[in-house]
Amino acid sequence: MKYIGVSRKKGQGRYYFRVDFTHKRKRYSMGYYKDPKEAAKAYDLFVIKNELQRKTNFFKKKLAY
């Protein structure tokens, strides 16, 4: 997949995009989306909101000085 934290799954004849990743031995799962961009944005927002030290797809993180 071209987006970080997003994988494609097939179910009931359709493709869904799942947001699922592991950070510091803890697993995070944020559900299924119909569009890969929508899933990638959900991943980015979760990473920024929880201040995780991970790369994002679209959004830039503010640096703490």
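Packing here is the average count of other Cβ atoms within 10 Å per residue, and on that basis the peptides 37-44, 18-25, highest first, run 37-44, 18-25.
With the full set of protein chains in place, find how many percent of the accessible area of the chain is carbon and sulfur; take the probe as 1.4 Å. Please list the in-between numbers first.
Values: 2650 of 5410 Å².
In the chain, the share of accessible area belonging to carbon and sulfur is 49 percent.
Contact order for the chain, expressed relative to its length and based on alpha carbon pairs under 8 Å spaced 6+ residues apart, stands at 26 percent. Summarising the amide proton neighbourhood of His23: residues at separation of 5 or more, or on other chains, whose placed amide H is nearer than 5 Å comprise Tyr28. For the options Lys34, Lys55, Lys26, a Gaussian network treatment of the chain with springs between C-alpha atoms closer than 10 Å singles out Lys26 as fluctuating the most. Net charge dipole, the range 15-65: roughly 240 debye, given to the nearest 20, about the Cα centre with Cβ charges of +1 for Lys and Arg and -1 for Asp and Glu.
Think of it as helices only: each DSSP H run of n ≥ 4 in the chain is worth -39500 (n - 2.57), and spread over all residues that comes to -7000 deg cm²/dmol at 222 nm.
Could you report the range 1-59's accessible area per residue, 1.4 Å probe, as an integer in Å²?
Numbers: 4480 Å² over 59 residues.
On a per-residue basis, 76 Å².
Applied to the range 15-32, the Karplus parametrisation 6.51 cos²θ - 1.76 cosθ + 1.60 on θ = phi - 60° returns per-residue 3J(HN,Hα) values of 9, 10, 10, 9, 9, 7, 7, 10, 9, 6, 6, 10, 9, 10, 9, 10, x, 10 Hz, with x for Gly and Pro. For the range 38-48, 3J(HN,Hα) computed residue by residue from phi via the Karplus equation (6.51, -1.76, 1.60; θ = phi - 60°) reads 4, 5, 5, 5, 4, 4, 4, 4, 5, 4, 5 Hz, glycine and proline entered as x.
The values are calculated or read from the model by the stated rules, or taken from the named source; none is laboratory data. Since the structure is predicted, the reported quantities are computational estimates derived from the model, not experimental observations. Counting neighbours? That spans all protein chains shown, and the Cβs are built from the backbone with ideal geometry, glycine included. Accessible surface areas use protein heavy atoms only, side chains included; no ligands, DNA or RNA. Shrake-Rupley method; radii C 1.70, N 1.55, O 1.52, S 1.80 Å.
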